[in-house]
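Below is one structure, written out as structure tokens; the observations come after it.
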Amino acid sequence: MDMCLKCIKNMETILNESIEWKKKVEEFPDITNTMWLLGRGIDYGTALAGTLFFREVSRVMSIAEYCGEFRHGPFEVVDSGFLAILITTDKEVHRLNKNLLEKIRGKGGHVFIISDQSEEEPAIVLPICDKWYSQFLTIIPIQILADCIAKKKGIKSGEFRWGSKITKGE
């Protein structure tokens, strides 16, 4: 129970710091192509959820990819127009994720990092949280980023063009 309460307190901290993140988002290149969300292990689930936010909120094509699989095939899409968010909160694989980050940047790609242990920029550095609660923290910046991008594009968050908030049929 203590870890859950700590996570809730950390969520408040994240929301209070979101003004600083918005400045970093404004410096990120405009998305004219696809936003990639990269994660490994438990962070991959956040990448999957994040793609939904980017598609629905900011109408940006996004793809979630497992970091290990990204190195095989999808890495070929990296160039100066490549944009990604790398979610890395598991300290056991942080070194692997940092290597991927360096390889993407070495090919001209742009990477925004969401981490609790990042020394790289641009990054949103989260408070350290128990591994099993980390998704509650990592999804918040993704939601805020999607909203900021939507506003930059003149899209009102929560408004749907072709669907509704609740799907009633297939």
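The values are calculated or read from the model by the stated rules, or taken from the named source; none is laboratory data. Keep in mind it's a predicted model, so treat the numbers as computed, not measured. Because the Cβ atoms are built from the backbone with ideal geometry, glycine has one as well, and the counts that use them run over all protein chains shown. Keep in mind that these areas ignore ligands, DNA and RNA; they rest on the heavy atoms of the full protein, side chains included. Shrake-Rupley method; radii C 1.70, N 1.55, O 1.52, S 1.80 Å.
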>> So, in region 121-137, how many residues would count as being assigned to a loop (DSSP other than H, G, I, E, B) and either open to solvent by 50 Å² or more (accessible area, probe 1.4 Å) or among the charged types (D, E, K, R) (or both)?
In response: 3
> Mind checking which pairs have a first residue in region 45-72 that is without any contact (Cβ under 8 Å) to a residue 24 or more places away in the chain and closer than 15 Å to L145 by Cβ and a second that is open to solvent by less than 10 Å² (accessible area, probe 1.4 Å) and of a type in the set (S, T, N, Q), Cβ under 9 Å, 6 or more apart or different chains?
Replying inline: T51/S62; L52/S62; R55/S62
> Somewhere in region 29-42, is a residue of a type outside the set (D, E, K, R), touching a Leu at 6+ places or on another chain (Cβ under 6 Å), open to solvent by less than 10 Å² (accessible area, probe 1.4 Å) and modelled with pLDDT of 95 or more?
Replying inline: yes
> Are any residues in region 84-108 within 13 Å of E65 (Cβ to Cβ) and either outside any helix (DSSP H, G or I) or among the acidic types (D, E) (or both), and if so, which ones?
Replying inline: A84, I85, L86, I87
> From the residues in region 48-63 that are touching a Phe, Trp or Tyr at 6+ places or on another chain (Cβ under 6 Å) and part of a strand (DSSP E or B), which one is least open to solvent (accessible area, probe 1.4 Å)?
Replying inline: S62
> Of (1) in contact with an Asp or Glu (Cβ under 8 Å, 6 or more places away or on another chain); (2) open to solvent by 70 Å² or more (accessible area, probe 1.4 Å); (3) not acidic (D, E), Y66 satisfies all except one. Which?
Replying inline: (1)
